[in-house]
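Asks: This is the structure, below, for whatever I ask next.
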Amino acid sequence: MKNTALTEVHESLGAKMVPFAGFNMPVQYEGVTIEHETVRNAVGVFDVSHMGEFLIEGPNALDLIQKVSSNDASKLAIGKAQYSCLPNDYGGIVDDLIIYRIKEETYLLVVNASNIEKDWNWIQSKNDVDATMRNLSDDYALLAIQGPKAVEAMQSLTRQDLSTIKFYNFVVGDFAGIDYLIISATGYTGSGGFEIYCKNSEVEQVWNKVLEAGADYGIKPIGLAARDTLRLEMGYCLYGNDIDDTTSPIEAGLSWITKFTKEFTNSEALQAEKKRGPERKLIGFELDDRGIPRQGYDIVDGNGNIIGNVTSGTMAPSVGKGIGLGYVPPIFADVGSKIHIQIRKKTIPATVVKLPFYKN
C-alpha cells in the first residue's frame, strides 16, 4: 500500500483511511454529506496525489499524443488543458485523462491512479516516434481546491489573478510561497476551483497554507467519498465503474472527446460505431421512489426483464434523490424513458434524465 506525502497529516486530522487504487487514502473526515455540501456551497481541499503524471516531450511529442488519444491535441495552445481518453485496440478505453500543453514541445498527461502502470506501458508500446517519456507520478502531488469560494479564498496565496484563469486553462506561477507550480482551473466536482500540482516535498506547505487562507471561507479537508458523490451529480464518468476496457467512448457518451479529424488507435472502428449507432448507451437516471441505487444492481424493464446494470449510484446530497448511471439499449435511453432498478427484492421505478443531475 502506497502513501501520499500527506498520509500522516490526514491521520492527524482524524480521517478515515481506506485502500484506494493501491494507495492509503482519506475517504472521509466529518462525514460525506457535510463534506459534499462544503464543496457545493463554500470551498474544500482534496488530496488527490495518487493520480499519475507523465511528461511527454520532444519534437514528436504531439505525434505520439495524437496517436494514443481520442481528442484532437493539436488544438491545445500553451496554457490549455483537454479532457481525452486512450482507446484500446478492441473498442474499449484504456483510461481517461487530462492533457496539458506546458511548452511548445512539452505535454503533461494526468491519468487515473489505478491505471498508472497500465497507461505507461500502453503509451510506451505506441511510441515508435521516439518521443521522450518521463513518469513523474512518484515525485509529484496534486491538491484539488474546489467550490464557489475557491477563487476568493485562494487569491492571497498567489500573484496570479485567479479570476482570469478560465475553465480548462492553467498558469505556471507562484502559489503558497513556492514558485513554478501549475495552477489549473480544472476539477471533478462541478463547483469550480483549481488543481495545484507540486512536488511531494512542497505539498505539506501548500496544504497548510491553503487551509490557513481558506479558514475565513469555511474551508474543510474533503475525502474521496464526497469526491464521488460530487462527480456523480455532474454525470462525470469514473474509470472502473462507468468506463473501462470493454466500454467504447461512443456508448459512454464521450463522442465529444472523440475527434475523427485525425487517425488514432482504433479510430476507424469507433467512427463506424458512431455512424451505425452503439448497441447500448450510458444513461443517467433518478429514482421515482425512495431508495439508493448501487453499482451492479440490475436495470429492468416494465416486465422485469434485465436490460442493463447500474455502473454508479448514490443518494445525491444536492439533488435529494437516488441517482445513478448505467448502460441500457438505445430504445430505453431517451430522456423521459421509464425504467426500473432492482434493489434487493424491490423493483423501484426510475426516469432517464438529462445530465448533469445537479444544475448550479
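Where a number appears in this text, it was derived from the coordinates with a stated rule and is not lab data. Since this is a predicted model, take the numbers as computed values, not measurements. Note: ideal-geometry Cβ built from the backbone for every residue, glycine included; neighbour counts use all protein chains shown.
Asks: Would you work out the relative contact order for the range 279-353, in percent, from Cα pairs under 8 angstrom that are 6 or more residues apart?
Replies: The value is 40 percent.
Asks: To the nearest 20 debye, what is the magnitude of the charge dipole of the chain about its Cα centre, counting +1 on the Cβ of each Lys and Arg and -1 on the Cβ of each Asp and Glu?
Replies: With only Lys, Arg, Asp and Glu charged at Cβ, the dipole is about 1140 debye.
Asks: Report D for the range 279-353 in µm² per second (integer): Stokes-Einstein, Kirkwood Rh on Cα pairs, 4 °C, 1.567 mPa s.
Replies: The calculation lands on 111 µm²/s.
Asks: A further question on this structure: Any chance you could check the Cα centroid distance between the range 202-251 and the range 32-58 for me, in angstrom?
Replies: Here the answer is 4 Å between Cα centres.
Asks: A follow-up question, please. With a 10 Å radius around each residue's Cβ, average the other Cβ atoms per peptide and rank 171-178, 44-51, 218-225, highest first.
Replies: Listed from highest to lowest mean packing, they are 44-51, 218-225, 171-178.
Asks: Please list the equivalent ellipsoid semi-axes of the range 52-135, computed as the square roots of five times the alpha-carbon gyration tensor eigenvalues, in descending order and whole angstrom.
Replies: That gives 18, 14, 12 Å for the three semi-axes.
Asks: Would you work out which of Ser69, Asn121, Ser84 lies farthest towards the positive end of the dipole of the range 52-135, given +1 charges on the beta-carbon of Lys and Arg and -1 on that of Asp and Glu, about the Cα centre?
Replies: Positive-end residue among those listed: Ser84.
Asks: I need to check one value: relative contact order of the range 52-135, counting alpha carbon pairs closer than 8 Å and at least 6 residues apart, in percent.
Replies: That works out to 41 percent.
Asks: OK, next. Can you give me the long-range amide H partners of Gly193? Hydrogens built in the peptide plane at 1.01 Å from N, cutoff under 5 Å, separation of 5 or more residues or another chain.
Replies: Those qualifying (amide H under 5 Å, at least 5 residues apart or on another chain) are Gly147.
Asks: Further, regarding this structure: Using a Förster distance of 22 Å, how high is the FRET efficiency between Glu57 and Ser201, based on the Cβ-Cβ distance and rounded to 0.05?
Replies: That gives a FRET efficiency of 0.45.
Asks: Here is a further query. Using 7 Å Cα-to-Cβ label points, what is the Met1/Ile102 separation (nm, one decimal)?
Replies: 3.1 nm
Asks: Loop only per DSSP, at most 16 neighbouring Cβ atoms within 10 Å: give me the GluC sites (Glu not before Pro) in the range 260-360, ordered by residue number.
Replies: In loop regions of the range 260-360 (DSSP not H, G, I, E or B), the sparsely surrounded GluC sites (Glu not before Pro) are Glu263, Glu279.
Asks: Tell me which residues come under 5 Å, amide H to amide H, from Gly308 once H is placed; ignore anything under 5 positions away on its chain.
Replies: Correct list: Ile299.
Asks: If r is the Cβ-Cβ distance from Thr164 to Thr33 and R0 is 35 Å, what FRET efficiency results, to the nearest 0.05?
Replies: Working from the Cβ atoms, E equals 0.55.
Asks: Just want to confirm a number: the relative contact order over the chain, from Cα pairs under 8 angstrom separated by 6+ residues, in percent.
Replies: 18 percent
Asks: Quick one: 3J(HN,Hα) in Hz for the range 173-188, Karplus 6.51/-1.76/1.60 with θ = phi - 60°, rounded, Gly and Pro as x.
Replies: x, 7, 7, 6, x, 10, 8, 6, 9, 7, 10, 10, 7, 10, x, 10
Asks: Given H placed on each backbone N at 1.01 Å, which residues far from Ser337 in sequence or on other chains put an amide H within less than 5 Å of it?
Replies: Val352
Asks: On to the next question. At a Cα cut-off below 15 Å, give the aspartates and glutamates reachable from Lys2, other chains included and same-chain residues fewer than 8 away excluded.
Replies: Correct list for Lys2: Glu11, Asp47, Glu117, Asp138, Asp139.
Asks: Still on this structure, please answer the following. Taking the Cα centre of the range 23-159 as origin, work out the dipole magnitude from +1 charges on Lys and Arg Cβ and -1 charges on Asp and Glu Cβ, in debye rounded to 20.
Replies: Around 420 debye, computed over the range 23-159.
Asks: At a Förster radius of 22 Å, what calculated FRET efficiency corresponds to the Cβ-Cβ distance of Lys16 and Lys345, to the nearest 0.05?
Replies: 0.10
Asks: From the square roots a ≥ b ≥ c of the eigenvalues of the alpha-carbon gyration tensor of the range 100-216, which class results: rounded (a/c under 1.5), prolate (a/b over b/c), or oblate?
Replies: Taking the square roots of the gyration eigenvalues as a ≥ b ≥ c, the range 100-216 is prolate.
Asks: Sum -39500 (n - 2.57) across every DSSP H segment of at least 4 residues in the chain, then divide by the residue count to get the 222 nm mean residue ellipticity, nearest 500.
Replies: -6000 deg cm²/dmol
Asks: To continue, here is another question. Which distance in nm do the two modelled labels at Lys354 and Thr132 give, with both placed 7 Å along the Cα-to-Cβ direction?
Replies: In this crude label model, Lys354 to Thr132 measures out at 4.8 nm.
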